[in-house]
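To start, the structure itself, in structure tokens.
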Amino acid sequence: GYVGYEEGGQLSEAVRRRPYSIVLFDEIEKAHPEVFNILLQVLDDGRLTDGQGRTVDFRNTVIIMTSNLGSTYILSSSDDEARERVMEALHANFRPEFLNRIDEIVIFRALTRDQIQQIVEIQLQQVRQRLKNRDIELQITAEAREWIANRGYDPAFGARPLKRVIQKEMLDPLAMKLLSGEIRDGETVAITRGSSGLNISSALSGAAIVA
């Protein structure tokens, strides 16, 4: 969507409206080849001409690109060896003129179990804020938190599956109980670890389901 749109390209239009921005390209290795041509212009000249012929200034933007290339080496190698193998993977997949225009390449270590637990707490806090709008309090045991962390952690993808696990195993069953009236506004929701998943119940009514 960078060329040919009446309102201008998606990227150039967004930066034109908000020139002081952070632009994120997630999993850049999957991008269409034309995206790299556009990025070469942006990284080289600091500007981009859109489909309407307007030149957009990118000098006040920070461009971040992520990639999973070489992620398996991060899990199985030392830091120095992992960096060497990752750089080999990058050079094998990206053109030299593209890599040479990148200021810094940062390699992130795999998340630890403790860090996953911290991310679970952040996600649960967001859930609490959503429930607060209905005057519902959330109580969750340490065992349930640990189950969510284990289920939502993948060595190759880190915490990416975590949101899906929380949605499927906790929020969807909770929504069904709210719709059925088994849990009402103003009540306290208790979440515990069950034999096959999470037990979700109203602390007032004592009703429970297994998700």
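What is the spread of the Cα atoms of segment 10-99 along each of their three principal axes, largest first, in whole Å?
Sorted from largest, the Cα extents of segment 10-99 read 47, 22, 19 Å.
For VAL23, what residues show an amide H to amide H distance below 5 Å, using hydrogens built from the backbone and excluding near sequence neighbours?
So VAL23 has HN proximity to VAL62, ILE63, ILE64.
Trypsin sites (Lys or Arg not before Pro), restricted to segment 55-86: which are DSSP loop and have at most 11 other Cβ atoms within 10 Å? It would help to have the intermediate numbers written out before the result.
Numbers: sites: ARG59, ARG83, ARG85; in loops: ARG59.
Filter output for segment 55-86: ARG59.
Can you return the aspartates and glutamates within cross-link range of LYS177? Criterion is Cα-Cα under 18 Å, with same-chain partners fewer than 8 residues away left out.
In chain and number order, the partners are ASP135, GLU137, GLU169, ASP185, GLU187.
Hey, could you get me the Stokes-Einstein D for segment 113-210, Kirkwood radius over alpha-carbon pairs, 25 °C and 0.890 mPa s, rounded to whole µm² s⁻¹? Could you put the intermediate results ahead of the total?
Values: Rh = 13.6 Å.
My calculation gives 181 µm²/s for D.
Taking Cα pairs under 8 Å and at least six residues apart, what relative contact order does the chain come out at, in percent? Show your work: numbers first, answer last.
Working: 265 pairs, mean separation 29.4, N = 211.
Computed over the chain, the figure is 14 percent.
Among the DSSP beta bridges whose two residues both lie in segment 113-210, what percent are antiparallel, rounded to the nearest 5?
Values: 9 of 13 bridges.
Percent antiparallel among DSSP bridges in segment 113-210 is about 70.
Show me, bin by bin at 5 Å from 0, the whole-percent P(r) of the chain based on Cα pairs.
Percent of pairs per bin, in order: 1, 6, 12, 13, 11, 9, 10, 11, 10, 8, 6, 2, 0.
In a shell of Cβ-Cβ distance under 14 Å around TYR20, excluding TYR20 itself, what net charge do Lys and Arg (+1) and Asp and Glu (-1) give? Please report the intermediate quantities before stating the final value.
On the way: positive: ARG16, ARG17, ARG18, ARG59; negative: ASP57.
Taking every other residue near TYR20 into account, the sum is +3.
Rounded to the nearest 500 deg cm²/dmol, what is the calculated helix-only ellipticity per residue at 222 nm for the chain, with -39500 (n - 2.57) per DSSP H run of length n ≥ 4?
After summing the helix terms and dividing by residue count, I get -12500 deg cm²/dmol.
Multiply the residue separation of ILE107 and GLN10 by 0.36 nm, subtract the distance between their alpha-carbon atoms, and state the gained length in nm to one decimal.
Details: separation 97, 0.36 × 97 = 34.92 nm, distance 2.86 nm.
In short, 32.1 nm is gained.
Distance from a point 7 Å along Cα→Cβ of PHE36 to each backbone N in segment 91-110: keep the residues under 15 Å and list them by number.
Backbone N within reach: 91-102.
Every number in this text was worked out from the coordinates using simple rules, so none of it is lab data. None of these values were measured; they are calculated from a predicted model. Using ideal geometry, Cβ is built from the backbone for each residue, glycine included, and neighbour counts are taken over all protein chains shown.
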